[in-house]
Amino acid sequence: MLVDVETGDLWAAYKCDGQHAARDELILRYAPLVQYVAGRMGVGLPSHVERADLVSYGIFGLIDAVERFDPARGCRFETYAIARIKGNILDELRSLDWVPRSVRAKARRIEAALTRLAAALHRSPTDAELADALGMNDDQLQHALSQISLMSLVTFDAAVSSAAADDPPLTVGDILTSGDDDPLAAFELAELRRALAEAIERLSERERAVVSLYYHDGLTLAEIGEVLGVTESRACQIHGKAVTRLRLRMTAAGRVPA
């Protein structure tokens, strides 16, 4: 989307002339981006995490994006701002520590079992094999995967990030779709993309579909369920297992912190 002349004038007035009124107008003009990001991230979060809170967290990300953005770099502000907004919401969610300890414990058990089974079988374990290793039945496993899905989303999205302090964090979606004009940054992004592509290739067909639809196409888990002909709960479970596997493989490759 091209920046219209009026918006371009606002950027010039703020960045070149330091007009704070232009800054405030830019924040108002791009405020719908916050609603979009908060709405998408809010799907499936616990009921005590209110969308209004996500919006308030995201507004600070938008303000930061407007203040840091350099129009001369030639990239779209929307792409830059969405990363900043999402990053600020993720930071706040992590600081709230909204995931119960019991869910974190389940996530650690599932990650450990996935690692052991993959090493022993030389392939990704089936749900039945994973459930057996954990001493769970299928219903218990699927419930656990649903619980850790959004936790995995927050920790994994936040872990894959740019090393430069002045650049917005890179999420899974950014790595799959973004480009960069800076040669060094482009090389680092290409390496991350290659490592992530290798990890995605080792997922099951349905897991790959969920990752693509969620991170590349921007669908919600409910919409993904409709595409795949499964319930939103099942899409959430598939997402949870896929992201857990991706994080383990990226961690093993030294691409995200353990």
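Would you order Glu50, Glu232, Glu205 from fewest to most other beta-carbon atoms within 10 Å of each residue's own beta-carbon?
The most exposed by this proxy come first: Glu205, Glu50, Glu232.
Using a cut-off of 25 Å between alpha-carbon atoms, which lysines can reach Lys86, once sequence neighbours fewer than 8 places away in the same chain are excluded?
Lys15, Lys241
Could you calculate the contour length gain from Ala112 to Thr231, that is, 0.36 nm times the residue separation minus the distance between their Cα atoms, to one decimal place in nm?
40.1 nm
So if we plug the beta-carbon distance of Gln140 and Arg76 into 1/(1 + (r/R0)^6) with R0 = 35 Å, what FRET efficiency do we get, rounded to 0.05?
0.20
What FRET efficiency comes out for the pair Arg194/Ala12, r = Cβ-Cβ distance, R0 = 41 Å, nearest 0.05?
Efficiency for this residue pair is about 0.60.
Of Val55, Val37, Val243, how do they rank once you tally other Cβ atoms within 10 Å and put the fewest first?
Sorted ascending by nearby Cβ count, the order is Val55, Val37, Val243.
Give me the three principal axis extents of region 5-96 from the C-alpha atoms, as integers in angstrom, largest value leading.
So the three principal-axis extents are 44, 23, 22 Å.
Read the figures in this text as sums done on the coordinates, not as results from a lab. Being a predicted model, the structure only gives us computed values, none of them experimental. All Cβ positions, even for glycine, are placed from backbone atoms using ideal geometry, and neighbour counts span all protein chains on display.
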